[in-house]
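Trainee: Okay, handing you the structure first.
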Amino acid sequence: MALLRLVGALGVIIIASLACASGAAPAAISNPEADTTSGLVTVTLGEFSVKTDTSDVSAGKVTFAIKNAGAAKHELVVLQTTEAALPVDSQTQKAAEEATGVKHIGEFDGLDAGTTKALTLDLPAGTYQLICNYPGHYHAGMVATLVVH
């Protein structure tokens with residue numbers, strides 16, 4: 001158990017060090033419920049893009065280190081889907097998170113500009129879209145695909 005805590009603490013230090021090396025501020029992931037023993041996907045949100053450091057991960061617990069590098073507030077929504085593109089509601093300008101063939105897995109809402117947070121989810125094998133679903137953001141290009149093996 002002590003080894004597991006040490007490995008988790010080292011994971012947080014490594015994430016913070018990598019963020020500092022890339023000029024990120026603030027560097028630390030600030031939510032304590034993040035699981036630092038899981039697979040790691042670094043996600044950078046901007047105007048208007050979602051970029052990941054990998055396009056595939058192993059099934060199981062995955063921690064998303066989410067950095068808002070943009071000037072506006074964003075969110076990260078994780079959707080499992082077989083669809084290449086999600087339908088967009090013409091009135092709300094949001095992607096249909098509950099459409100046929102789409103399963104809402106989890107999200108981190110309200111990520112202020114310049115902040116970094118973590119979200120840990122248990123992901124079964126499949127294809128996922130990582131999106132910002134604030135009005136107009138998905139349609140403007142805030143989407144990335146992640147394959148879980």
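The values are calculated or read from the model by the stated rules, or taken from the named source; none is laboratory data. The model shown is predicted, which means the values in this text are computed figures rather than measured ones. Counting neighbours? That spans all protein chains shown, and the Cβs are built from the backbone with ideal geometry, glycine included. SASA here: full protein model, heavy atoms, side chains in, ligands and nucleic acids out. Shrake-Rupley method; radii C 1.70, N 1.55, O 1.52, S 1.80 Å.
Trainee: Starting from the Cα of ASP109, step 7 Å along the direction of its Cβ; do the same at ALA72; then give the gap between the two resulting points in nm.
Mentor: 1.7 nm
Trainee: Let me know the shape class of the stretch 66-149, please: from the alpha-carbon gyration tensor, a ≥ b ≥ c as square roots of the eigenvalues, rounded when a/c is under 1.5, otherwise prolate if a/b is greater than b/c, or oblate.
Mentor: Here the stretch 66-149 falls in the oblate category.
Trainee: Checking the table LYS67/LYS103; LYS94/LYS117; LYS61/LYS94; LYS73/LYS117 against a 18 Å threshold on Cα-Cα, which pairs fail? Could the numbers behind the result be given before it?
Mentor: Details: LYS67/LYS103 24 Å; LYS94/LYS117 23 Å; LYS61/LYS94 27 Å; LYS73/LYS117 13 Å.
Beyond 18 Å between Cα atoms: LYS67/LYS103; LYS94/LYS117; LYS61/LYS94.
Trainee: At 1.4 Å probe radius, can you tell me the per residue accessible area of the stretch 42-149 in Å²?
Mentor: Per-residue value: 46 Å².
Trainee: Between HIS149 and GLN91, what is 0.36 nm times their sequence separation minus the Cα-Cα distance? Round to one decimal in nm.
Mentor: Length gained, HIS149 through GLN91: 17.3 nm.
Trainee: Ranked highest first by the average count of other Cβ atoms within 10 Å around their residues, in what order do 107-113, 96-102 fall?
Mentor: The peptides rank, most packed first, as 107-113, 96-102.
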